[in-house]
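Everything on this sheet refers to the single structure shown next.
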Ligand SMILES: [Zn+2]
């Protein structure tokens with residue numbers, strides 16, 4: 001018995017050491033800048049809107065010195081420190097200018113996985129910040145967002161537009177489905193029914209909840225200056241109809257679509273892009289977010305991003321990307 005315990009303890013220790021050494025960096029592949037330079041989104045300077053990409057699905061939209069944040073995540077801890085909650089999370093003001101996130105009026109969260117909301121603390125000095133998400137995610141994050149106004153999205157009921165305090169931004173939730181991670185399995189797909197008393201620390205506490213995409217409008221005197229479709233998952237038939245209906249009434253300027261690799265998203269993006277005909281098609285969630293902050297940007301080894309971007313072009317979709325922590329003026 002004792003022999004067995006010692007044997008398994010040593011095995012576990014060796015596995016942990018192996019994981020620590022590996023830090024899952026093999027998942028990512030360094031980008032050769034020249035291979036993607038034609039696909040980097042350029043500033044147009046037309047609308048006084050500044051868009052900042054944080055990597056993964058994290059975006060900050062700035063307008064009139066106010067911001068809306070979508071999927072607040074940028075710290076990219078390695079999977080080992082995420083499992084054992086030893087990650088030292090970097091502060092955002094070491095990575096981008098304070099003025100890009102000093103007056104956040106609204107935050108949307110697509111779902112509860114850590115790579116979509118772990119860094120929410122950086123955006124909450126302002127109690128008026130409205131948090132929009134599914135009930136389970138609001139319960140999961142409740143220790144951090146106690147003082148904030150929360151808007152709970154009901155997945156099966158068609159929701160109306162949700163406005164920030166002075167109507168600079170409004171969002172329309174669109175129910176989505178999370179694509180499986182590997183072989184039809186979606187990790188951490190639970191739901192919270194009760195508020196967590198502490199901010200999640202361990203990997204398994206980041207339960208998915210329900211998944212939502214958002215139309216995000218930038219407003220001036222009650223008219224829409226710019227419309228983003230921030231799509232963070234697969235559309236259901238019903239939600240795709242809702243998306244198309246809304247973007248017929250007022251065109252969509254930017255379709256920001258999640259992109260993991262060709263097999264998972266290519267056909268959906270081509271189809272939705274054809275329907276919406278946005279001015280800009282931007283791909284997000286293409287970068288490796290495992291232990292990859294303050295290091296050269298990587299994409300996932302399972303894709304060949306430069307080749308796949310070329311492939312979009314051949315299919316009449318001018319897909320663009322932004323580098324993490326860069327901004328464009330739209
Ligand atoms: Zn997820």
Is segment 204-222 home to any residue that is farther than 16 Å from residue 116 by Cα, out of contact with any helix residue (DSSP H, G or I) (no Cβ under 7 Å at 6 or more places or on another chain), modelled with pLDDT of 95 or more and not in a strand (DSSP E or B)? no
Collect the residues in segment 169-190 that are modelled with pLDDT of 80 or more and more than 14 Å from the ligand (Cβ to nearest atom), keeping them in residue-number order. 169, 170, 171, 172, 173, 174, 175
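Could you check segment 224-239 and list, in sequence order, the residues that are at pLDDT 95 or above and away from the ligand (no atom under 16 Å from the Cβ)?
Kept after step one, since they are at pLDDT 95 or above, are these residues of segment 224-239: 224-231.
Of everything in segment 224-239, those that are at pLDDT 95 or above and away from the ligand (no atom under 16 Å from the Cβ) turn out to be 224, 225, 226, 227, 228, 229.
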Does at least one position in segment 245-263 carry a residue that is within 16 Å of the ligand (Cβ to nearest atom), within 28 Å of residue 168 (Cα to Cα) and assigned to a loop (DSSP other than H, G, I, E, B)? no
Mind telling me which of the residues 173, 200 ends up being within 20 Å of residue 150 (Cβ to Cβ), touching a residue at least 12 places away in the same chain (Cβ under 8 Å) and assigned to a strand (DSSP E or B)? 173
Scanning segment 281-311 for residues that are crowded, with 19+ Cβ neighbours inside 10 Å and either closer than 25 Å to residue 250 by Cα or free of Cβ contacts under 8 Å to residues at least 40 places away in the same chain (or both) gives 281, 282, 283, 284, 286
Selection from segment 160-210 of residues closer than 19 Å to residue 236 by Cα, surrounded by fewer than 18 Cβ atoms within 10 Å (Cβ to Cβ) and in contact with a strand residue (DSSP E or B) (Cβ under 8 Å, 6 or more places away or on another chain) yields 160, 177, 179
Filter segment 307-323 for residues that are in a helix (DSSP H, G or I) and under 21 Å from the mean Cα position of the chain (by Cα); the one that is farthest from residue 263 (Cα to Cα) is 309
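Which of the following residues is at pLDDT 80 or above and farther than 18 Å from residue 286 by Cβ: 46, 3? Show your work before the answer.
On the way: 3 fails: at pLDDT 80 or above.
Within the list 46, 3, the selection yields 46.
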For residue 64, only one of the following conditions fails: (1) at pLDDT 95 or above; (2) within 21 Å of the chain's Cα centre (by Cα). What is its number? (2)
Tally of residues being within 16 Å of the ligand (Cβ to nearest atom), farther than 15 Å from residue 188 by Cβ and in contact with a helix residue (DSSP H, G or I) (Cβ under 8 Å, 6 or more places away or on another chain) across segment 82-122: 2
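The values are calculated or read from the model by the stated rules, or taken from the named source; none is laboratory data. Only a predicted model underlies this, so the values are computations on that prediction, with no experimental measurement involved. As a convention, Cβ positions derive from the backbone with ideal geometry for all residues, glycine included, and neighbour counts pool all protein chains shown.
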